[in-house]
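One structure is given here, and the rest of the page talks about it.
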Amino acid sequence: MDDREFAARADAALQQIEDDLAASQPDVDFARVGDGVLEIVLDDGGKLIVNRHAAAQEIWVAARSGGFHFRWDGSAWLDTRSARELLSTVSALLAG
């Protein structure tokens, strides 16, 4: 995948996370804090950071429980260690 395709796919994934948050978690604060960086503030004051990492062509998620790297496999963003899907992982991290 070239850089333009990566940026488009990663931005679409970030937008999907934002849309899902707005629809299902209206009391959760979130904002884009930079180019390709989404910050989600949790109820306990913690944060979940989701950002695109162009050099590795991955989406990275930083949470209290650890860091996760997701790579496009041709149909979905999958964690490079567990093969879990990005959106379900973010949802699980938000649920605690």
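Here are some notes:
- Filter result for residue 20 (of a type in the set (Asp, Glu) and at pLDDT 90 or above): yes
- Wholly within the stretch 1-82, strands (runs of 3 or more DSSP E) carrying at least 1 residues that are among the aromatic types (Phe, Trp, Tyr): 29-34, 58-63, 66-72, 77-79
- Contact annotation: residue pairs with Cβ atoms under 8 Å, 6 or more positions apart or on different chains, pairing a residue in the stretch 11-26 that is under 14 Å from residue 88 (Cα atoms) with a partner that is of a type in the set (S, T, N, Q), are 20/91.
- Among the residues making up the stretch 30-46, those that are at pLDDT below 90 and over 21 Å from residue 95 (Cβ atoms) are 34, 35.
- Every residue from the stretch 61-79 that is surrounded by fewer than 16 Cβ atoms within 10 Å (Cβ to Cβ) and closer than 17 Å to residue 15 by Cβ: 76
- Candidate set from the stretch 15-70 (those that are charged (D, E, K, R) and under 19 Å from residue 1 (Cβ atoms)); member that is farthest from the chain's Cα centre (by Cα): 35
- For the condition surrounded by 12 or more Cβ atoms within 10 Å (Cβ to Cβ) and at positive phi, residue 57 qualifies.
- Test result for residue 82, on the phi < 0 side of the Ramachandran plot, loosely packed, with under 12 Cβ neighbours inside 10 Å, under 11 Å from the mean Cα position of the chain (by Cα) and of a type outside the set (Val, Ile, Thr): no
- Residues in the stretch 23-31 include none that are surrounded by 11 or more Cβ atoms within 10 Å (Cβ to Cβ) and of a type in the set (Ser, Thr, Tyr).
The values are calculated or read from the model by the stated rules, or taken from the named source; none is laboratory data. Computed from a predicted model, the values in this text were never measured in an experiment. Backbone-built Cβ (ideal geometry, glycine too); neighbour counts: all protein chains shown.
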